[in-house]
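The values are calculated or read from the model by the stated rules, or taken from the named source; none is laboratory data. Being a predicted model, the structure only gives us computed values, none of them experimental. Ideal geometry is used to build each Cβ from the backbone, glycine not excepted, and the neighbour counts take in all protein chains shown. Just the protein is used for accessible areas: all its heavy atoms, side chains included, with ligands, DNA and RNA removed. Shrake-Rupley method; radii C 1.70, N 1.55, O 1.52, S 1.80 Å.
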Amino acid sequence: MSCTPFHAKYLAYELTKRCPSDSVEKLAGALSDAQVDLNPHQVEAALFAFRSPLSKGAILADEVGLGKTIEAGILLAQKWAERSRRLLVIVPANLRKQWSQELAEKFFLPSLLLENRSFNDEIRKGNLNPFKQDSVIICSYQFARAKEPYIRQVPWNLVVVDEAHRLRNVYKPSNKIAQAIKSAITPFQKVLLTATPLQNSLLELYGLISVIDDFTFGDVKSFKAQFARLTDDEDYSKLKERLRPICKRTLRKQVLEYVKYTNRHALVQEFTPSPEEQRLYELVSDYLQRPNLYALPASQRQLMTLILRKLLASSTYAISGTLEGLAQRLELAAAAAEVAQTAPEATLEDLEALPELEDEWAEDDDDTETAEKPDLKKLSPEQLQELKAEMETLRAFHRLAGSIVKNSKGEVLLTALRRGFAAAAEAQKNKGAAVLQPKALVFTESRRTQDYLFRILEQTEFAGKVVLFNGSNTDPKSREIYQKWLDRHSGTDRVSGSPTADKRAALVDYFRDEAAIMIATEAAAEGINLQFCNLVVNYDLPWNPQRIEQRIGRCHRYGQKFDVVVVNFLNKANAADQRVYELLDEKFRLFDGVFGASDEVLGAIESGVDFEKRIIGIYQRCRTPEQITYEFDQLQQDLDAQIDDKRREAREMLLNNFDQEVVEK
């Protein structure tokens, strides 16, 4: 087709015309060929970030599953269309591949994953700053920190930070990664993406805002003086006014007119420990309740107690290795006649969420600084004897745990899966759809438990249909899946060159196309989309409600066609476990309904970590069923006071500036 002078003039006009920053027309050119079904709230969020040319950036804080990646993609596509092509995306390492794929498939944007190997390749080619390229640069938090000087030298047109709640403690001197990233991107326009800007306390919100603009609230002392206690409507109004130009949030319940969500249904799988398992639980529990322990660093006593109780509840295999690690640590401490200062390596390897837990449990600045300088106290002869006795106690626990080959909890896994698959199939039938190949996502908090469950299922009808997903993905089957995936996609842009990212993509593809069950650690609770699966099994149940919501959100999200079934394991012999489940189910409403635990409830408790601390305190203090009942009744009363309509509405008003006119567009 020939282009007439009229057509040429019209095209020139379309290409060069300028639109108001809050006009949808501003985005029209960039999105004309985007392969994505845009929803009104996503366009509105993108326009919000563009609204003021003087703005230093924005926080896009939609609830889980509402498409924050799409909103950022719109912004990046618009910048690209304007030929502003210095674009940086900083993400958790495990999300790099997903970002690259989504930008390519949905917005046709070229991207480059920078890690040590690709960075060094560029240096060898003569590019002395590999961040300067005509592609969207994608890198991890750790890499951004390591290459901070290189990032500073590039005049970025836009920086996007995904899962930005990881920067929430940037105001603490101990948070080196967050401070380095903030320093590197300070002069540039930036967009932070997070579903949980208020995960623990208002100070975290202060931290995120300071990444955008240090002058919004001033220093930490000023913020605390003004907003530490939101006691009346005037305080809320002041804080909301400060947030209005920076933070944009949409809740799931506000988009029901054009986004259809499916339901959640809960099943409980009960189990009763064997006498040996119950004995191990009681012995370790009594040990953890001692006033003084040499094996646990004093600065981390509460956190390590939580971790040991999690591993104890997970499986004998999980706790066994950690008990041996603690005993070995005491042996080293005895040789040096010094108090043990750190957690054993065995715990770090088994509980992948430990580094994040440590960050969440970090105390205020003064405490953190103190914790960084441990007191290397020498032991007296009497203390040395006590330490050696404790070491022998731990070794005895280790032998008992090692002797328990069959776990009552693991023995009912097959029953739980069959019940779950039946309920999931029923959910598919109720939608009038053909029943798809059954898929289940099983979560555990321990790598050793993960291996144990894999061995169990390989002896059932699911043999050959189980895939593991964790932080390293180095087991033989995962390596084989990865190699076949590389061979299949060789020479295509599906292969990013980043082994970590490509392994994750390979395992998700295998789960979608071939496997029936994925057994995952917390590594799968963030950043992977599994809408093709509608059964989630919490083999181990976290106590932090936000973590549970994040897990279920892998499957129960935008794009899920069927109701999602959530199976939770519950110890019938443990009164405290039953009361915890009751709170999570009835107070937080995590397992049923359209939304699960929406932010109106999660936000009301102010801190998932505080809730965890309350729970671990009860486990530590209580030795009788009567004490457990009394303490949990008190906790429930406190929650009733916190989750009331007035506080819920106030907190919702604080962050939610979603306009009804968006729904009407």
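Need pairs with beta-carbon distance below 9 Å; first residue farther than 18 Å from residue 438 by Cβ and within the stretch 518-533, second acidic (Asp, Glu) and surrounded by fewer than 21 Cβ atoms within 10 Å (Cβ to Cβ); sequence gap 6+ or separate chains.
Between residues of the stretch 518-533 that are farther than 18 Å from residue 438 by Cβ and residues that are acidic (Asp, Glu) and surrounded by fewer than 21 Cβ atoms within 10 Å (Cβ to Cβ), the close pairs are 521/352; 522/352; 522/356; 523/352; 526/163; 527/163.
Which one is nearest to residue 182 (Cα to Cα) among residues in the stretch 83-110 that are part of a loop (DSSP other than H, G, I, E, B) and touching a residue at least 60 places away in the same chain (Cβ under 8 Å)?
Step by step, filter the stretch 83-110, then rank; the result is 92.
Out of curiosity, is residue 303 assigned to a helix (DSSP H, G or I), surrounded by 21 or more Cβ atoms within 10 Å (Cβ to Cβ), out of contact with any Cys (no Cβ under 7 Å at 6 or more places or on another chain) and modelled with pLDDT of 90 or more?
Considered against the rule, which asks whether it is assigned to a helix (DSSP H, G or I), surrounded by 21 or more Cβ atoms within 10 Å (Cβ to Cβ), out of contact with any Cys (no Cβ under 7 Å at 6 or more places or on another chain) and modelled with pLDDT of 90 or more, residue 303 comes out as no.
Would you pick out the residues in the stretch 522-544 that are open to solvent by 30 Å² or more (accessible area, probe 1.4 Å) and at pLDDT 90 or above?
Within the stretch 522-544, 532, 541 meet the criteria.
Please indicate, with yes or no, whether at least one residue in the stretch 401-418 is more than 28 Å from residue 458 (Cα to Cα), open to solvent by 50 Å² or more (accessible area, probe 1.4 Å) and modelled with pLDDT of 70 or more.
no
Residues being in a helix (DSSP H, G or I), buried (at least 20 other Cβ atoms within 10 Å of the Cβ) and either within 18 Å of the chain's Cα centre (by Cα) or in contact (Cβ under 8 Å) with a residue 40 or more places away in the chain (or both): count how many of those fall in the stretch 161-184.
Residues flagged as in a helix (DSSP H, G or I), buried (at least 20 other Cβ atoms within 10 Å of the Cβ) and either within 18 Å of the chain's Cα centre (by Cα) or in contact (Cβ under 8 Å) with a residue 40 or more places away in the chain (or both) within the stretch 161-184 amount to 7.
Have a look at 579, 589 and point out the one that is at pLDDT 85 or above and of a type in the set (D, E, K, R).
Residue meeting the stated conditions: 579.
Scanning for something buried (at least 19 other Cβ atoms within 10 Å of the Cβ) and part of a loop (DSSP other than H, G, I, E, B), does the stretch 53-62 turn up at least one residue?
yes
With the requirement that a residue be loosely packed, with under 15 Cβ neighbours inside 10 Å and either of a type in the set (A, V, I, L, M, F, W, C) or at pLDDT 80 or above (or both), what does the stretch 245-265 give you?
256 - this is the single residue of the stretch 245-265 that is loosely packed, with under 15 Cβ neighbours inside 10 Å and either of a type in the set (A, V, I, L, M, F, W, C) or at pLDDT 80 or above (or both).
Quick check on the stretch 547-594: of everything there that is in a loop (DSSP other than H, G, I, E, B) and among the small types (Gly, Ala, Ser), which residue is surrounded by the fewest Cβ atoms within 10 Å (Cβ to Cβ)?
559
Mind telling me which of the residues 149, 187 ends up being open to solvent by 20 Å² or more (accessible area, probe 1.4 Å), in a loop (DSSP other than H, G, I, E, B) and without any contact (Cβ under 8 Å) to a residue 60 or more places away in the chain?
Of 149, 187, the one residue that is open to solvent by 20 Å² or more (accessible area, probe 1.4 Å), in a loop (DSSP other than H, G, I, E, B) and without any contact (Cβ under 8 Å) to a residue 60 or more places away in the chain is 187.
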